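Student: Below is one structure. I have some questions about it.
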Amino acid sequence: MKLHIRQLERQNRKHRRQAAEILLENPEFWPAAEIARSVVNTLLAPNRICLCAHDENGDVVGIVGGLPDYDGIVWEMHPLVVKKSHQGRGIGRRLVKALEKEAASRGALTVILGTDDLSSSTSLSDVNLFTNTGDKISNVVCRGRHPYVFFRKCGYKVIGVIPDANGTGKPDILMGKSIAKRGGKTSLTTLKGGKSG
Ligand SMILES: CC(C)(COP(=O)(O)OP(=O)(O)OC[C@H]1O[C@@H](n2cnc3c(N)ncnc32)[C@H](O)[C@@H]1OP(=O)(O)O)[C@@H](O)C(=O)NCCC(=O)NCCS
């Protein structure tokens, strides 16, 4: 499938509407049209990233956003959504790569994200994450289908948890990836703790 990824343009109302409609396909995260529209509009601020994947007809079939933190050294990826009818074709992976490339061009070293476990899909749900937190993170397993697996395939690692973020036993799983260039003096392999991977 031919796919084009480009910045969402503020003046393109059709693409903004299509992007909001894709968010609305996930009412557990974006339960109303005005919320979805407001998320899209917020992403159009000049210091944010808002990339859309377009199919061969030019229609929006996926959207990824980025928000700078720590003076732009860290970028949070949010949201990332692919139209349900187009999932499983590599679009999500390409949007992640495009976001990383754009964040890197703006000086980012790290991309982070949070992925909620609302459905007891991982071993980080339904447990007390205030005890042995590091062990639980190191030994995380996925019991069902969950975006955590998708992000792991994109090179992200679990770097923390927000216990009970969505109610008792329903954490937000924090993941991150280094997008720093390798080989320089600040390469992760030169830092205490060994190899990046
Ligand atoms: C998560 C999401 C963005 C993935 O997009 P996608 O275009 O379907 O993903 P891709 O086709 O690029 O998949 C890449 C790989 O991840 C796997 N994968 C994708 N979604 C997955 C999921 N929910 N659970 C487990 N594995 C998944 C694919 O099987 C594929 O594996 P492979 O390379 O071994 O074949 C998409 O499912 C989505 O929009 N979900 C709803 C919103 C959401 O949960 N966003 C993340 C919020 S934190």
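Student: Would a scan of region 113-122 turn up a residue that is closer than 25 Å to Lys181 by Cβ and within 15 Å of the chain's Cα centre (by Cα)?
Tutor: If we filter region 113-122 for residues that are closer than 25 Å to Lys181 by Cβ, which is where we start, we get 113.
The next check asks that each one be within 15 Å of the chain's Cα centre (by Cα); those that pass are 113.
The answer is yes, given that some residue of region 113-122 is closer than 25 Å to Lys181 by Cβ and within 15 Å of the chain's Cα centre (by Cα).
Student: Mind counting the residues in region 96-110 that are touching a Leu at 6+ places or on another chain (Cβ under 8 Å) and either within 7 Å of the ligand (Cβ to nearest atom) or over 25 Å from Asp55 (Cβ atoms) (or both)? Quick ask: steps written out before the conclusion?
Tutor: Here is the first cut: in region 96-110, the residues touching a Leu at 6+ places or on another chain (Cβ under 8 Å) are 96, 98-99, 102.
From the residues that got through so far, the ones that are either within 7 Å of the ligand (Cβ to nearest atom) or over 25 Å from Asp55 (Cβ atoms) (or both) too are none.
Adding up the residues that qualify gives 0.
Student: Taking the options Lys170, Lys177, name whichever one is in a strand (DSSP E or B), of a type outside the set (Phe, Trp, Tyr) and more than 10 Å from the ligand (Cβ to nearest atom). Break it down stepwise before answering.
Tutor: Numbers: Lys170 fails: in a strand (DSSP E or B).
Just a single option satisfies the conditions, and that option is Lys177.
Student: Which one of these does Val161 not meet: (1) surrounded by fewer than 18 Cβ atoms within 10 Å (Cβ to Cβ); (2) modelled with pLDDT of 95 or more?
Tutor: (1)
Student: While we're here: Return yes or no: is Glu21 within 16 Å of the ligand (Cβ to nearest atom) and not small (Gly, Ala, Ser)? Show your work before the answer.
Tutor: Numbers: within 16 Å of the ligand (Cβ to nearest atom): yes; not small (Gly, Ala, Ser): yes.
Yes, satisfied.
Student: If we keep just the residues of region 148-157 that are within 6 Å of the ligand (Cβ to nearest atom) and either without any contact (Cβ under 8 Å) to a residue 60 or more places away in the chain or touching an Asp or Glu at 6+ places or on another chain (Cβ under 6 Å) (or both), which is nearest to Pro79 (Cα to Cα)? Show your work before the answer.
Tutor: So in region 148-157, the residues within 6 Å of the ligand (Cβ to nearest atom) come out as 149-150, 153.
This time we only want the ones that are either without any contact (Cβ under 8 Å) to a residue 60 or more places away in the chain or touching an Asp or Glu at 6+ places or on another chain (Cβ under 6 Å) (or both), so: 149-150.
Details: Val149: 17, Phe150: 14 Å.
Of everything passing the filter in region 148-157, Phe150 is nearest to Pro79 (Cα to Cα).
Student: From the list Arg94, Arg145, Arg152, which one is within 25 Å of Leu23 (Cβ to Cβ), at pLDDT below 95 and of a type outside the set (A, V, I, L, M, F, W, C)? Give the steps one after another, and end with the answer.
Tutor: Working: Arg94 fails: at pLDDT below 95; Arg152 fails: at pLDDT below 95.
Answer to the check: Arg145.
Student: Being modelled with pLDDT of 95 or more, more than 16 Å from the chain's Cα centre (by Cα) and under 19 Å from Pro147 (Cα atoms), is that true of even one residue in region 76-85?
Tutor: Quick first cut of region 76-85, residues modelled with pLDDT of 95 or more only: 76-85.
Within this subset, residues satisfying the condition of being more than 16 Å from the chain's Cα centre (by Cα) are 84-85.
Checking which are under 19 Å from Pro147 (Cα atoms) leaves us with 84-85.
There is at least one residue in region 76-85 that is modelled with pLDDT of 95 or more, more than 16 Å from the chain's Cα centre (by Cα) and under 19 Å from Pro147 (Cα atoms).
Student: Residue check: is Gly160 assigned to a strand (DSSP E or B), within 15 Å of the ligand (Cβ to nearest atom) and within 23 Å of Trp75 (Cβ to Cβ)? Spell out the reasoning first.
Tutor: Details: assigned to a strand (DSSP E or B): yes; within 15 Å of the ligand (Cβ to nearest atom): yes; within 23 Å of Trp75 (Cβ to Cβ): yes.
Judged against the criteria, Gly160 is a match.
Student: If we scan region 24-41, do we find a residue that is under 26 Å from Ala165 (Cα atoms), among the acidic types (Asp, Glu) and more than 15 Å from the ligand (Cβ to nearest atom)? Spell out how you get there, then give the answer.
Tutor: Residues of region 24-41 that are under 26 Å from Ala165 (Cα atoms), as a first pass: 24-41.
If we keep only those that are among the acidic types (Asp, Glu) too, we end up with 25, 28, 34.
Subsequent filtering for residues that are more than 15 Å from the ligand (Cβ to nearest atom) retains 34.
Within region 24-41, one or more residues are under 26 Å from Ala165 (Cα atoms), among the acidic types (Asp, Glu) and more than 15 Å from the ligand (Cβ to nearest atom).
Student: When you scan region 70-77, do you find a residue that is under 12 Å from Ile5 (Cβ atoms) and within 13 Å of the ligand (Cβ to nearest atom), even just one? If you could, list the steps in order and put the result at the bottom.
Tutor: Keep residues of region 70-77 that are under 12 Å from Ile5 (Cβ atoms), which gives none.
Taking every residue of region 70-77 in turn, none turns out to be under 12 Å from Ile5 (Cβ atoms) and within 13 Å of the ligand (Cβ to nearest atom).
Student: Another question, then. Could you tell me which numbered condition Gly134 fails, if it satisfies all but one of (1) touching a Lys or Arg at 6+ places or on another chain (Cβ under 7 Å); (2) farther than 20 Å from Gly65 by Cα; (3) not in a loop (DSSP other than H, G, I, E, B)?
Tutor: The number of the failed condition is (1).
The values are calculated or read from the model by the stated rules, or taken from the named source; none is laboratory data. Just so it is clear, the model here is predicted, and its values are computed rather than measured. Neighbour counts are summed over all protein chains in view; Cβ atoms, including those assigned to glycine, are modelled from backbone coordinates with ideal geometry.
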